[in-house]
Every structure is written in C-alpha cells, then in structure tokens.
Amino acid sequence: MTIYILCADDSNLANAIAAIQPASALALDCEGNDLGVEGGTLNLISLRALEPETSRIDTIGLVKDQLNPVFDIIKSSLVTKIVFGGRMDFGELYHGWGVSLRGVLDLQLADVESRHQCGEDQED
C-alpha cells in the first residue's frame, strides 16, 4: 500500500527530507499549471524512495527557503532521479526556480535510445 504524505509545513517537510535524503535513487514528478512554459507554476513535487511512502511537497504553501533542502537533493548528482518524460519538469525547475536537475534517468529517453540501438525505426 502506497502512502502519500503532503508536506505543507515545516514538520512534515523535515520528516520527508530525513526519509529521502539517504536514498541513492528517487522517483521524481512535478505537477503544476503550464509547467515549463513562461508564466507556468509549480504546485507539487513528488519524491519517492524505496520506502512505502511518497512525499508530495506543496510548493505553493511553502516558501523557497523552506524548499532549499528539497532542491539540494534534486540538484545532487549523487542521487539518481528517475523520471518519465521530464522535459517540462526540468524546464519549470530550471527557469522558474533556478534549480538544475543532475543525475537524471529519463525512462522515456532510455526507451527511445534502446529502440534506436535495436534497429527499430519510427514505423516499428
């Protein structure tokens, strides 16, 4: 059973950071309005390690100073962030918040490259 924890205050956020900080890999997903587009808004960052809970971080209810520990994890090249089609997430984090994703494995790009290496073309 998956547990979702909404981090909208310092206490829940601190607990989430403590739970995800030691992870060597995290699933990452961002939600918002018009992500990656000028004027778009980041509303939620979801991070999940192997533990049975997903931390959903409310970027509207928290200020940037509170979010810096989350952004430090996202920027770290020591933690692999696993995404699927993360282009808009990357755009919003970079252009909207000045956060560069490092250590990213985009499963959509990996699938495209795998198909290319196997000799598949667009018709396949």
Could you give the length gained by full extension between V37 and D10, i.e. 0.36 nm per residue of separation minus their alpha carbon distance, to one decimal place? 6.8 nm
If you build a Gaussian network model of the chain, linking Cα atoms that sit under 10 Å apart, which residue out of D111, D58, D72 swings the most? D111
When D106, D34 are arranged by how many other beta-carbons sit within 10 Å of their Cβ, fewest first, they go D34, D106
Return the distance in nm (one decimal) between the two label points of a simple spin-label model at E120 and A25, each offset 7 Å from Cα along Cα→Cβ. 2.0 nm
Tell me, how many Å apart are the Cα centres for the stretch 24-56 and for the stretch 65-124? 11 Å
Proxy reagent accessibility, fewest Cβ within 10 Å first, across L35, L105, L78, L93: L78, L105, L35, L93
Only Cα pairs within less than 10 Å get springs; with that Gaussian network setup on the chain, which residue of G39, G91, G103 has the largest fluctuation? G39
Going by C-beta contacts inside 10 Å, put E53, E92, E38 in order with the fewest on the left. E38, E53, E92
Under a crude label model (7 Å from the Cα following the beta-carbon direction), how far is D65 from S46 in nanometres? 3.1 nm
Once normalised by the length of the chain, the mean sequence separation of its alpha carbon contacts under 8 Å that are 6 or more apart gives a contact order in percent of 25 percent
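Since every read-out is calculated from the coordinates, none of them should be taken as a lab result. This one's a predicted model, so the numbers in the text were calculated from it and none came from an experiment. Every residue, glycine among them, receives a Cβ derived from its backbone with ideal geometry; neighbour counts consider all protein chains shown.
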